[in-house]
Ligand code: GLN
């Protein structure tokens, strides 16, 4: 059985846990860095990236999450989680984890439309996925090593690079678990490779 952890410092944690369970995988809320050793993949949820960073520093998560990624273990960042993963953040000197070779802008869909839902065509899915955007970031640019998975209005809203994947919206806030499933498959592939 594989176990997917959800970083439980702040944000939309419980919804991700429910989505992982709907995909028949074990789930675990991760509140301390040592607990990373007990999971095969990690979801970094949406929330507020500046607050999340502060808590990551307090609970000393930055280096352990980088080491987790360096082992090839998959990480999925949603919304603020995508910001945590990005190599570059507009109007900010330093990145947080810097694990995904993209540059992001925060709160990029305008004040009037703080939150909205829209159908998104995602690579690998037969039918569109309803993206729930809440003060969402978008990807301004991506390195060649990054696979663009979805765009909305000409903006990149989902991208994958090896074991790291991120999206601007909140896939856990709908009852459609296909993106969580896609991540669970990445975790499965990682585990299978280990077993060979
Ligand atoms: N606007 C938030 C940030 O910049 C992200 C919002 C979200 O995760 N829903 O961190």
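None of the figures in this text is laboratory data; all of them are computed from the coordinates on show. Just so we're clear, the structure is a prediction, and the values are computed from it rather than from any experiment. Note: ideal-geometry Cβ built from the backbone for every residue, glycine included; neighbour counts use all protein chains shown.
Every Cα-Cα pair in region 4-116 was counted, and those over 21 Å apart are 34% of them. Converting the Cα gyration tensor eigenvalues of region 114-196 into ellipsoid dimensions via √(5λ) gives semi-axes, longest first, of 23, 16, 10 Å. Look at the Cα gyration tensor of region 67-178: its axes a ≥ b ≥ c give a/c of at least 1.5 with a/b at or below b/c, and that counts as oblate.
Here the residues 24, 126, ranked from fewest to most Cβ neighbours within 10 Å of their Cβ, fall in the order 126, 24. The label-point distance for residue 57 and residue 2, in a model that sets each label 7 Å from Cα toward Cβ, rounds to 3.4 nm. For the chain, the share of DSSP beta bridges that are antiparallel, to the nearest 5, is 55%.
Computed packing ranks the peptides 3-12, 99-108 as 3-12, 99-108, most packed first, by mean other Cβ atoms within 10 Å.
In plain terms, the chain from residue 21 to residue 143 could stretch by 40.6 nm, reckoned as 0.36 nm per residue minus the Cα-Cα distance.
For the chain, the C-alpha radius of gyration sits at 0.93 times the compact-globule guess of 2.2 N^0.38 Å, with N the residue count. Centre-to-centre separation between the Cα atoms of region 1-64 and those of region 146-196: 15 Å. Taking every C-alpha pair closer than 8 Å and separated by at least 6 residues, the mean separation divided by the residue count of the chain gives a relative contact order of 20 percent. Computed from the Cβ-Cβ distance with R0 of 25 Å, the FRET efficiency linking residue 123 to residue 50 stands at 0.25.
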